[in-house]
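K.L.:
Shown below is the structure under consideration.
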Amino acid sequence: MNTIIKLVLAVTLAFGLSSSAAAQSSKYKCMIQMNAYEGEEAYVIISLINPQGGYDKTLSVLGPDKQWYNTLKEWYKFQNKSKEKLHAVTGASIGGGDRAVKVLEIDQDKLNKGYKLRFESAVEEQKYHTTDAEVLLTTDGITTRTNGKGYIRFVKLTKAQ
């Protein structure tokens, strides 16, 4: 009987730890509104940037063809070093005047610690924007509308239910 109780407690504790680890991240709907520019569809990378200004993780890639990833120069350097698997975070590129909505999963332990979301953009045969938009990962900053500096008009995040 004692062994059964210990086993039940161990399983309960293990389940509790794994579910609390999963509860530490939240999902956010991220709407990207593009400027009405002329040309091909933009490739946009959404990255988690650490407090030192370096890439921590790729959260989303808007652009399906790997052959064009090298046009996003700074992120591409990180990608080549990290060898991050991207198949779960890729999607369609986004055209001038269009909007896209992506769901991003963000670890709550990154909030209020100096992390940012960087939106990097490139359009074929046009200018590349290393930092088209940046969202501060603070309690208030994460849901504040952020204007872009290049192809992105603005980005807006809302907490998903």
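Each value in this text was obtained by applying a stated rule to the coordinates, not by laboratory testing. All values reported here derive from a predicted model rather than from experimental measurement. Reconstructed Cβ throughout: ideal geometry from the backbone, glycine too, with neighbour counts over all protein chains shown.
K.L.:
Compare 139, 90, 71 in a GNM of the chain, Cα atoms joined below 10 Å, and give the one with the largest fluctuation.
P.N.:
139
K.L.:
Moving to a separate point now. Once the Cα atoms of helix 2-22 and of the chain are each reduced to a long axis, what angle between those two axes, in degrees from 0 to 90 to the nearest 10, is obtained?
P.N.:
On a 0 to 90 degree scale, this one is about 20.
K.L.:
For every helix of n ≥ 4 consecutive DSSP H residues, a contribution of -39,500 (n - 2.57) applies; sum these over the chain, divide by its total residues, and give [θ] at 222 nm rounded to the nearest 500 deg cm²/dmol. Kindly include the intermediate steps, with their values, before the conclusion.
P.N.:
Details: 2 runs with 31 residues, N = 161.
It comes out at -6500 deg cm²/dmol, rounded to the nearest 500.
K.L.:
What is the magnitude of the charge dipole of segment 25-159 about its Cα centre, with +1 placed on the Cβ of each Lys and Arg, -1 on the Cβ of each Asp and Glu, and no other charges, expressed in debye to the nearest 20? Provide the component values of the computation, followed by the final result.
P.N.:
Values: 21 positive and 17 negative charges, 93 e Å.
So the dipole magnitude of segment 25-159 works out to roughly 440 debye.
K.L.:
Stokes-Einstein diffusion coefficient for segment 38-119 at 37 °C in a medium of 0.692 mPa s, Rh from the Kirkwood formula over Cα pairs: what value in µm²/s? Intermediate results must be reported in sequence, preceding the final value.
P.N.:
Values: Rh = 13.6 Å.
Value of D from the Cα-based Kirkwood radius: 242 µm²/s.
K.L.:
Still on this structure: Using amide H atoms built in the peptide plane, which far-off residues or other-chain residues are under 5 Å from residue 89 H to H?
P.N.:
Hits under the 5 Å cutoff: none.
K.L.:
Binning every alpha carbon pair distance of the chain at 10 Å from zero, what are the percents per bin?
P.N.:
10, 37, 30, 11, 7, 4, 1, 0
K.L.:
Still on this structure: If the viscosity is 0.692 mPa s and the temperature 37 °C, what translational diffusion coefficient in µm²/s does Stokes-Einstein give for segment 34-82 when Rh comes from Kirkwood over Cα pairs?
P.N.:
Working: Rh = 12.0 Å.
D = 274 µm²/s.
K.L.:
Rounded to the nearest 0.05, what FRET efficiency is calculated for residue 26 and residue 85 with R0 set to 22 Å and r the Cβ-Cβ distance? It would help to have the intermediate numbers written out before the result.
P.N.:
Details: r = 22 Å, r/R0 = 1.01.
The formula returns an efficiency of 0.50 here.
K.L.:
Spin-label point model (7 Å from Cα, Cβ direction): what's the residue 138 to residue 113 distance in nm?
P.N.:
So the label points at residue 138 and residue 113 sit 1.8 nm apart.
K.L.:
In degrees between 0 and 90, to the nearest 10, how far off the longest principal axis of the chain does helix 73-82 point, with axes built from Cα atoms?
P.N.:
30 degrees
K.L.:
At 7 Å along the Cα-to-beta-carbon direction for both residue 99 and residue 154, put a label point, then send me their distance in nm to one decimal.
P.N.:
Reported label-point gap for residue 99 and residue 154 is 1.0 nm.
K.L.:
Same structure, new question: Ranked by Cβ crowding within 10 angstrom, fewest neighbours first, how are 44, 61 ordered?
P.N.:
Values: 44 30, 61 25.
Lowest to highest Cβ neighbour count: 61, 44.
K.L.:
Now for a different question. With unit charges on the beta carbons (Lys and Arg positive, Asp and Glu negative) and the dipole taken about the Cα centre of the chain, which residue among 158, 60, 70 sits farthest to the positive side?
P.N.:
Checking the options against the dipole of the chain, the answer is 158.
K.L.:
Give the residue list of GluC sites (Glu not before Pro) in segment 105-161 that are DSSP loop and have at most 15 other beta-carbon atoms within 10 angstrom.
P.N.:
Working: sites: 105, 120, 124, 125, 134; in loops: 124, 125.
Loop-located and lightly packed - 124, 125.
K.L.:
Still on this structure, please answer the following. For segment 87-161, what Kirkwood radius comes out of the mean inverse Cα-Cα distance, in Å? Walk me through the intermediate numbers first.
P.N.:
On the way: mean 1/r = 0.0733 Å⁻¹.
It is 13.6 Å.
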